[in-house]
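Asker: Let me give you the structure first, and then I'll get to my questions.
The values are calculated or read from the model by the stated rules, or taken from the named source; none is laboratory data. Here the structure is a predicted model, which means the values were calculated and not measured. Cβ sites come from the backbone with ideal geometry, for glycine too, and all protein chains shown count toward neighbours. With ligands, DNA and RNA removed, areas are computed over all heavy atoms of the protein, side chains included. Shrake-Rupley method; radii C 1.70, N 1.55, O 1.52, S 1.80 Å.
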Amino acid sequence: MCQYSSPNPKPCSPDSGEPSRDEKKQALVRELALKLSHGDAVARVQAARDIRRHARASPKARSLFASAAVVQPLVSMLPSPDHETREASLLALLNLAVRNERNKDKIVKTGAVPHLVELLRSENCGLRELATAAILTLSASDANKTIIAASGVVPLLVQILVSGGIQGKVDAVTALYNLSICKENTFLDISVEAITPLLALLKDSKKYSKFAEKATSLLGILAKSEEARCVIAESDGAILTLVETVEEGSPLSTEYAVGILLSLCKGCREKYRELILKEGAIPGLLLLTADGTTKARVSAHELLDLLRDESKPKRVPSEDLETIVYDIATRVDGPERAEETAKKLLHDMVRRNMELSINKLQHRAALHTPNVPLT
């Protein structure tokens, strides 16, 4: 009978003296931890860079290097007067925290937040933006939100939003959003200075993106004060940007955007009604009454009623219009397909409304355009 040898080599026996892969990894962690704690400045920086490199390689490596012997000395390097030391430790901690909730919590418990707050005050733009990225990453963990919000970080994030580079601005928005959704942080003191850069970022972003959801959420929080509503209304293109978000946004960003417009109109109908109507909000609001989230539909109905010209004969209320369209759809296609048909009918009505508005605008423009002789 033929004997076949195994194609796979046998693992080394415990008596072979050859360390296993796990033993080698543990030895590497101990070696780098020792350099962090007892090495000179150059050795510490190199150890931090090595940890960053290994942490980027795999989730297992991030867990492996998250021991107190590694995290504690990395955190202690953050307030160093040496730029390379601060940068190397910050990058190492940032990579350890990415997509690892335990590491995020461990870094915060080790006392990193006050040092990160100080780095946000740094005159070095690169360190400020790295610190912003670290706050963003750590604030993604629910356990850290209250600690970070209480650290005095919010005004510093607003300053990054106002004057930072584009990546710093985006990270600051996400960090502020992370802090805002914590139930314990019932009131975040976000300055109205944040409004202009938030609107600019929203204008340039895809309205259905996750970023647009975060930006409109923060604008919605700010719009609760009259001062903020004035800033929004006076910002060039702000209401048009919000109307475009209602028309093109995701379910959440449209919900937030219509809420902001409603907040404006409820705050002072006489002041904001014409501004909202001027930007062509009606078609998007009508669509939202059919397609939006429950909260968005309620807000859209309420805003449509506030936008109605009370000096003219009362038209069919938006709720009644939706009911009428639904009844027609039921008669045409039966109750099983009524909802789908009603949405199509509303879409067609809105499209036709927009076409008529464009035709009127073109006609009006033609009447007021002077005849220019050809040269």
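Asker: Free of Cβ contacts under 8 Å to residues at least 24 places away in the same chain, within 19 Å of LEU304 (Cβ to Cβ), open to solvent by 10 Å² or more (accessible area, probe 1.4 Å) and in a helix (DSSP H, G or I) - does that describe any residue in the stretch 216-239? Working first, answer last.
Answerer: Taking the stretch 216-239 as the starting set, the residues that turn out to be free of Cβ contacts under 8 Å to residues at least 24 places away in the same chain are 230, 234, 236.
From what's left, within 19 Å of LEU304 (Cβ to Cβ): none.
Checked against the condition, which is being free of Cβ contacts under 8 Å to residues at least 24 places away in the same chain, within 19 Å of LEU304 (Cβ to Cβ), open to solvent by 10 Å² or more (accessible area, probe 1.4 Å) and in a helix (DSSP H, G or I), the stretch 216-239 yields no hits at all.
Asker: In the stretch 49-58, is there at least one residue being charged (D, E, K, R) and in contact (Cβ under 8 Å) with a residue 40 or more places away in the chain?
Answerer: Yes, the stretch 49-58 has at least one match.
Asker: Another one. Just one of VAL117, VAL113, VAL42, VAL71 is open to solvent by 70 Å² or more (accessible area, probe 1.4 Å) and either outside any loop (DSSP other than H, G, I, E, B) or in contact with a His (Cβ under 7 Å, 6 or more places away or on another chain) (or both); which is it? Steps first, answer last, please.
Answerer: Numbers: VAL117 fails: open to solvent by 70 Å² or more (accessible area, probe 1.4 Å); VAL113 fails: open to solvent by 70 Å² or more (accessible area, probe 1.4 Å); VAL71 fails: open to solvent by 70 Å² or more (accessible area, probe 1.4 Å).
Being open to solvent by 70 Å² or more (accessible area, probe 1.4 Å) and either outside any loop (DSSP other than H, G, I, E, B) or in contact with a His (Cβ under 7 Å, 6 or more places away or on another chain) (or both) holds for just one of VAL117, VAL113, VAL42, VAL71, which is VAL42.
Asker: Could you list, in sequence order, all residues of the stretch 290-309 that are open to solvent by 20 Å² or more (accessible area, probe 1.4 Å), assigned to a helix (DSSP H, G or I) and among the polar types (S, T, N, Q)?
Answerer: Correct list: THR294 only.
Asker: Among the residues of the stretch 273-281, are any on the phi > 0 side of the Ramachandran plot, surrounded by 17 or more Cβ atoms within 10 Å (Cβ to Cβ) and in contact (Cβ under 8 Å) with a residue 40 or more places away in the chain?
Answerer: yes
Asker: Do the conditions hold for GLU255, that is, is it open to solvent by 10 Å² or more (accessible area, probe 1.4 Å) and without any contact (Cβ under 8 Å) to a residue 12 or more places away in the chain? Please lay out each step first, then the result.
Answerer: Working: open to solvent by 10 Å² or more (accessible area, probe 1.4 Å): yes; without any contact (Cβ under 8 Å) to a residue 12 or more places away in the chain: no.
Answer is no for this residue.
Asker: Considering only residues of the stretch 159-168 that are more than 17 Å from GLU118 (Cβ to Cβ) and hydrophobic (A, V, I, L, M, F, W, C), which is farthest from the chain's Cα centre (by Cα)?
Answerer: Within the stretch 159-168, the first condition is being more than 17 Å from GLU118 (Cβ to Cβ), and the residues that meet it are 161-163, 165-167.
Restricting the remaining residues to those that are hydrophobic (A, V, I, L, M, F, W, C) gives 161-162, 166.
On the way: LEU161: 13, VAL162: 16, ILE166: 14 Å.
Ranking the qualifying residues of the stretch 159-168, first place goes to VAL162.
Asker: In this structure, is LEU287 touching an Asp or Glu at 6+ places or on another chain (Cβ under 9 Å), crowded, with 17+ Cβ neighbours inside 10 Å and more than 19 Å from VAL192 (Cβ to Cβ)? Don't jump to the end; show me each part of the working.
Answerer: On the way: touching an Asp or Glu at 6+ places or on another chain (Cβ under 9 Å): yes; crowded, with 17+ Cβ neighbours inside 10 Å: yes; more than 19 Å from VAL192 (Cβ to Cβ): yes.
Considered against the rule, which asks whether it is touching an Asp or Glu at 6+ places or on another chain (Cβ under 9 Å), crowded, with 17+ Cβ neighbours inside 10 Å and more than 19 Å from VAL192 (Cβ to Cβ), LEU287 comes out as yes.
Asker: Taking CYS2 as the residue in question, decide whether it is open to solvent by 70 Å² or more (accessible area, probe 1.4 Å), in contact with an Asp or Glu (Cβ under 7 Å, 6 or more places away or on another chain) and either modelled with pLDDT under 95 or closer than 22 Å to LEU116 by Cβ (or both). Walk me through how you get there before you give the answer.
Answerer: On the way: open to solvent by 70 Å² or more (accessible area, probe 1.4 Å): yes; in contact with an Asp or Glu (Cβ under 7 Å, 6 or more places away or on another chain): no; either modelled with pLDDT under 95 or closer than 22 Å to LEU116 by Cβ (or both): yes.
Considered against the rule, which asks whether it is open to solvent by 70 Å² or more (accessible area, probe 1.4 Å), in contact with an Asp or Glu (Cβ under 7 Å, 6 or more places away or on another chain) and either modelled with pLDDT under 95 or closer than 22 Å to LEU116 by Cβ (or both), CYS2 comes out as no.
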